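Just below is one structure, and these are the notes that go with it.
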């Protein structure tokens, strides 16, 4: 083991010869001699770390995974996995995010930079033991210090580099389904949004826009006028966002396949032949995203769709998901032939079932192919968690080459820390379960901790059927996530806002309009989080220091000004909320609602009818919002509303920029600094404008600690 | 449609020619002419009922099923189903319980007496529509009236007949696992309970005690001294409770099989040959429990185990579960042969998977066999939900013949209303999920409404792995259910109280001891519920009439005196509780805990560490408890504790009887009537003993509305 000082808060410990994952951008150079603290260490073919947790210690982190914000009480596996049926006993989801924090008697962060499987037993086997098993002997382990949990996160986010910034339109509502089958269907869907006065900025195309599921192809039959439709819808303010899958169909005369074969761009099996797996198109090869040339080649392919007017993509199936491999299915047939010669008794019957159920995403397959990296040939299993990351990188590098100053929308299913610099993520194939609504809520801050600020879940749930009440309640949460997409699976109930009854449509419309009204705030907070290496969505305990907040997993801070407390159970017209300080409750039916109430610190029960949700404005904070519009391009925002809850002084910086270019990286942005001071009966509003040419006036509503309402119009 | 007055609260509507299910004992005789109210009716090949729900209407009922106490927002299917992976999008569980109540602007109960599939859309498709589809044209529908929901339930319970009463030892703790493999393992398990001072009254034997899963056989290898061990353990106060499965192995010289064939006791296929299915033993025939002779024959078979000292059984796999049928597997092979000739594209791959996944519990199979009933040959599908019921009946009728005055323990997996007169139920194969702990809590009152008072879930979860915290919290709920069994699947983590760490063992031991201390109360309340056709475990809204209680699904009334509010989330050291009136909180670490607190009406947050749970004593009620013992036989109860929360006057009737015979049916029981009166500073305790020879003294603790504590010893 060697140790390296990365900076004053971070030390890197190098075990063996780690594979370079490119997840960290600041690794430290000068070797030093710093003790490996906190953990009992066991080194062998695996690296094992053991830690005795205090009774009240909390373990935060692990990004996209099941269970709560506090990870105690379960075993997690860091291994990107396509498992849409993620019941509570699963251990892995689509991302592999190896950052966590122990918060208790001792307080420290740990990032394990290792691209294959890691197992975290967080008090499952024994209530007070944290035991980590890294399946290999080569890894970098970073210990991250800080005075507070929040600082530790910031110190971590600094070493992994600034997060991805999408175009501003990506903060609009995105409608998706597997699949809107034809261009006519897509066009009439968009028209329906417009006619029904429901804002929308994007439509995702799932598999069926392609010709036989072939990447970068178009179905002549279903989308004969792809470019024309794309451009026409764009002129109406709605972007088309096609899916790109990891697997490339094996088919003669299919250019991507042939180029890949010709240039040896696909992953290979043990005989150095392209590895054969089956996914949507049937048999495929996987591009070797860990190979620089292959990555570059694949990244450039996005151009064919960009040339047709596309400005955003989602990368899917890049764990990579494998339905079956050629070897796997042949083995299965052999096993079945053997089993069927006998009467199936119980052992053999379950074996028969397992033969078939075990075909998909099998570890044998993941161990059966190889990458040709700059450091030689590497077995896939050993770098499994980097595959999706490098598909994201392929696309992002491609975009950079195609138009280096333009922001493209990009989000991926599989991910690894580092990918946050190149794109966002969605949380994969969830279900229309109330249990997945609360899981969504708990996952958001954990994902944020790992750098993925542009993220969100499939609103209303991907698999299984949503009921109207769940659809409403889920939208009431999702409007606070940067990626706000409603997506559902083939064979399930439609869940567009107007797929239910009139009441549900009206309610969801109001929720979506609120989202559009809050884009000035959400975008400002997003950009400030990115620029200051901070989280956007946080647990309360990251900002408040009282013992009770550490148990709260169903209320979240969104940006610096507000706290949310969604209702996540059926047949409820309210919920309990704990306030660590007095806050202003804005009970929202519509963005024009004026239902304000100062709620006292402590435990409160809040009535929230199905068509209401709660926005809490923190003390001495303000929330800025405008008027909604049909899409983000039409947002006017010459007049903004400021809702401030002021005890003595509140200050807010409203960040804005062009929303489309990368010039923000050069400091190109505007800032509207608003200060409100209350002194006895006098209030003062000071606005300093640096470069904002849009906002002309502010309609300020101040609510004092005593609940007094003061309104004033301020010209900018 | 004909209508019959059953009694002043109940009308039966007869559609077509219903199959007699024997679920109702009081059906009305005189035809009358009463309008079919409430529902819009559609008659055809199916019977459809439609009802417009008011915005705040609650729908209670449907017994053993998923989701909440209020069933609104989902679709349910009444069709006994073996689905251990019951995620939130499932529609059926193991029981089929067709009683529900609409509570709102109108208030009425409905019982649909129909033995095949019924679909209930309770505001799923449209938020305010209740739509019921009965898959057939012959059914009895009962409309049950009453002033209150509670009265409606009581009026329903009266027409279905008094519920099953197990022996008193069945209120002890029961340990189970699939499987304790040998008699040595069972014996050492019992000794471990005794050595560790953890009470236990029964050990369930799962499949492996049998010879090759053959009903009523014993494994010579694993249980060579079955009778000797059974009797030795019984002398230590622990009963052995073997499993009996529905399927009878096809095997020459196996007596049960041969007798069944000889006498034509098995269900038949369309060619009138015994229907071949496969379950645990491999190929089996199903006894035709709907045939009186077959039922009688099977019931008598229990004698061979009773003769060896057995006093209790659990009937399993009686939906009936089918792993595959002979026809099904042959079709599957044919399909696979066809599919494998081509490259599996995506459609064919999923078809391939479905071929295998669809083998078990297929509707084709359920439609492929027949019963020979007193009314001729009936297709199984048409009476599917009666199968488990009639297996329970077979056993109970057998017991009656073997020893008509003895109570046997009997609980079943599949059930239908009517079976509640013959045995209890457990809620089938759940999982070690926190989500199934709260599901367990919500299911208990629904099951109670349908007459199944002796019931409970697999404590700590059957499938998947339990963590120590979940094990503790689950026990804290299960002690309030009459059937308190810890049961787990092969391949999962062991979950006996001592399978974890020292803290967890100690905590669970204290919880189990509390259960034993409360048996006087639990048994008394159980028997009073049975005798007065009432529920034991109720939602708060059945007793309190304020608007908020109708939304509470995570607090329950257990008997007349207490309310429980278990913690059901990980990493929590407390929870919110709503009190509809002032109550006394007894925070229990041990049964000897003296941590009392008067909690005011309204919303409260209650701290409950992992080793604590809450018992709330209602106002002017009392809770009676004794000293725990190693098993129920050793309970002494000469001295009982009375914990009373008294504003002015509390009265309690402590029922008791011999706990083993059926003489309670003839009125043989004792009653200890305790009255406590508070007048200004004076308290009066009056005890009237009618026939109780056990209790010698009462240690009374009175806590007044103001929190004053008064203690007094009273001789009986």
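Derivation of every value follows stated rules applied to the coordinates shown; laboratory data play no part. Because the structure is a prediction, the values reported are computed rather than measured. All Cβ positions, even for glycine, are placed from backbone atoms using ideal geometry, and neighbour counts span all protein chains on display.
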Taking 0.36 nm per residue of separation between residue B:658 and residue B:138 and subtracting their Cα-Cα distance, the length gained on full extension comes to 182.8 nm
Placing the label point 7 Å from Cα along the Cα-to-Cβ direction, what are the distances from residue B:235 to the equivalent spots in the other copies, shortest first, in nm to one decimal? 9.6
Inter-probe distance in nm under a simple model that places probes 7 Å from Cα toward Cβ, at residue A:42 and residue B:595: 3.6
What relative contact order, as a whole-number percentage, does segment B:168-525 give when Cα pairs under 8 Å and 6 or more residues apart are counted? 17
Measuring from the longest principal axis of the C-alpha atoms of chain A, the long axis of helix A:346-357 (C-alpha) lies at a number of degrees, nearest 10, equal to 70
Label-to-label distances across copies for residue B:253, with labels 7 Å out along Cα→Cβ, in nm, shortest first? 6.8
Roughly what % of DSSP beta bridges within the protein assembly as shown run antiparallel, to the nearest 5? 75
Report the semi-axes of the equivalent ellipsoid for the protein assembly as shown in whole Å, largest first, where each axis is √(5λ) for an eigenvalue λ of the Cα gyration tensor. 53, 39, 32
Pair residue A:191, residue B:401: separation of 7 Å Cα→Cβ label points (nm): 7.4
Extension length gain for residue A:25 and residue A:688 (0.36 nm per residue less Cα distance), in nm, is 235.1 nm
Rounded to a whole number, what is D in µm²/s for segment A:454-550 from Stokes-Einstein with the Kirkwood radius over alpha-carbon pairs (20 °C, 1.002 mPa s)? 142
I need the Debye-formula profile for segment A:168-525: one equal scatterer per C-alpha, no solvent, reported as log10 I(q)/I(0) at q = 0.11 1/Å, two decimals. -0.78
Under Stokes-Einstein, with the Kirkwood radius over Cα pairs standing in for Rh, what whole-number D in µm²/s applies to segment B:136-277 at 4 °C and 1.567 mPa s? 68
Computed [θ] at 222 nm, deg cm²/dmol, chain B (DSSP H ≥ 4; -39,500 (n - 2.57); rounded to nearest 500): -7000 deg cm²/dmol
Residues A:609, B:458, B:347, sorted so that the one with the fewest Cβ neighbours within 10 Å comes first: B:347, A:609, B:458
Run the label-point distances for residue B:351 please: 7 Å along Cα to Cβ, every other copy, nanometres, shortest first. 2.9
Could you put A:301, A:587, A:682 in order, starting from the residue whose Cβ has the fewest other Cβ atoms within 10 Å? A:682, A:587, A:301
Report the FRET efficiency, 1/(1 + (r/R0)^6), for residue A:85 and residue B:303, where r is their Cβ-Cβ distance and R0 is 45 Å, rounded to 0.05. 0.50
Chain B pair-distance distribution - Cα-Cα, 10 Å bins, rounded %: 3, 15, 25, 27, 19, 9, 2, 1, 0, 0
Just need the relative contact order of chain B here, percent rounded to a whole number, with Cα pairs under 8 Å and 6+ apart. 12
When B:665, A:93, B:189 are arranged by how many other beta-carbons sit within 10 Å of their Cβ, fewest first, they go B:665, B:189, A:93
If R0 = 45 Å, then residue A:56 and residue A:609, at their Cβ-Cβ distance, give a FRET efficiency to the nearest 0.05 of 0.75
Relative contact order in percent for segment A:2-160 (Cα pairs under 8 Å, 6+ apart) equals 29
Looking at chain A only, what percent of DSSP beta bridges run antiparallel? Nearest 5 please. 75
Cα-based helix-to-principal-axis angle, A:149-160 vs chain A, degrees rounded to 10: 50
Between residue B:121 and residue A:680, with labels modelled 7 Å along Cα→Cβ, what's the label distance in nm to one decimal, could you check? 6.7
